[in-house]
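The values are calculated or read from the model by the stated rules, or taken from the named source; none is laboratory data. Worth saying up front: this structure is predicted, and the values here are computed from it rather than measured. Counting neighbours? That spans all protein chains shown, and the Cβs are built from the backbone with ideal geometry, glycine included. For the accessible areas, the whole protein counts, side chains as well, though only heavy atoms, and no ligand, DNA or RNA atoms are used. Shrake-Rupley method; radii C 1.70, N 1.55, O 1.52, S 1.80 Å.
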Amino acid sequence: MPVSIARPLPLPARALPGSARPHPLAARVPRIVVPVLPILALLLVLPAPLAGQSLRDGLWVGGGVGGSSTRITCQVCTAERATGLAAYVQVGGTVSPRTRVGLEGTGWLKDDLGLNQKVGSLSLATYFHPRQRGLFFKAGPSVLIYRATDDDDNEARSRSFGAIVGLGYELPTGGSWVLTPAITVHASSFGRMENEEGDVISRDVNLSLIQLSIGVTTR
């Protein structure tokens, strides 16, 4: 019997028509959520930094760490909650004083009770700044990859196309960097789950990642 991570609400593990057998990891794939409304409210009410402190221009880079949670729904998934560590890196260019574009890569990791889970996301995002400094929004297309392995080397993996949306806040440090607390949601649909042999064990896989982070970005 699979070991539950946290408060499992198990669904029966079912093989798809034509698949060889139910997958050993089927009853351990999580659905994970975190409360985000208080953080959203805080970001929205923070005052803007003084105008004229700095302007965006040219190439920029950034990165950060934080906590994230993942939810994956499919025909063989169960409902349970957990969280893991995440990190991200960004690089891009400035289109205008209020608009930037860039690539954003995110990684999420959870290793607990013999089950190792990883999520990776690569996004092409646009960052819009309503004010010269302070609040910003981001959105764009993305690719999400999920992989789970256990101590017996059983594997389940999924890859799907989706989108990234989020908002954050820039806090000047007095130097060439700004602190950027942010909340980001990655979501994808219509993926499929495969085992280590490439057999399809589930279709219509929906994957989402909610990321709460603190990072730094060049001006």
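For the range 152-219, what's the relative contact order in percent, using C-alpha pairs closer than 8 Å and at least 6 residues apart? Mind showing how you got there, number by number?
Numbers: 140 pairs, mean separation 23.8, N = 68.
Once normalised by length, the contact order is 35 percent.
Apply the Debye scattering formula to the range 70-121, with a single equal point scatterer on each alpha-carbon and no solvent, then give log10 I(q)/I(0) at q = 0.29 Å⁻¹.
These q points yield log10 I(q)/I(0) values of -1.17.
Starting from the Kirkwood Rh over alpha-carbon pairs, what translational D in µm² s⁻¹ does the range 61-219 have by Stokes-Einstein at 37 °C and 0.692 mPa s?
Working: Rh = 16.4 Å.
Diffusion coefficient, whole number: 200 µm²/s.
How much length, in nm to one decimal, is gained on full extension between Ala139 and Thr73, taken as 0.36 nm per residue of separation minus their Cα-Cα distance?
Values: separation 66, 0.36 × 66 = 23.76 nm, distance 2.27 nm.
That pair, Ala139 and Thr73, stretches by 21.5 nm at full extension.
Take the alpha carbon atoms of the range 182-200, find their center, do the same for the range 59-98, and report the distance between the two centers in whole angstrom.
14
Using the heavy atoms of the protein chains alone and a 1.4 angstrom probe, what is the accessible area of the range 64-219 per residue in square angstrom? Let's see the in-between values first.
Working: 6590 Å² over 156 residues.
Accessible area per residue, the range 64-219: 42 Å².
Mind checking the full-extension length gain between Ser176 and Asp204? Use 0.36 nm per residue of separation minus the Cα-Cα distance, one decimal, nm.
Details: separation 28, 0.36 × 28 = 10.08 nm, distance 4.48 nm.
Taking Ser176 through Asp204 to full extension adds about 5.6 nm, to one decimal.
Label 7 Å along Cα→Cβ of Arg147; the range 96-128 residues with amide nitrogen under 18 Å?
Those under the cut-off are 105-112, 114-123.
Quickly rank 121-132, 65-76 as a protection proxy: mean count of other C-beta atoms within 10 Å, highest first. List each step's numbers first, then the result.
Details: 121-132: 17.8, 65-76: 20.2.
Highest to lowest by the protection proxy: 65-76, 121-132.
Accessible area of Lys118, 1.4 Å probe, to the nearest 10 Å²?
Surface accessible to solvent at Lys118 totals approximately 90 Å².
Taking the Cβ-Cβ separation of Leu113 and Val61 as r and a Förster radius of 25 Å, what is the calculated FRET efficiency to the nearest 0.05?
Details: r = 37 Å, r/R0 = 1.47.
Between Leu113 and Val61 the formula returns 0.10.
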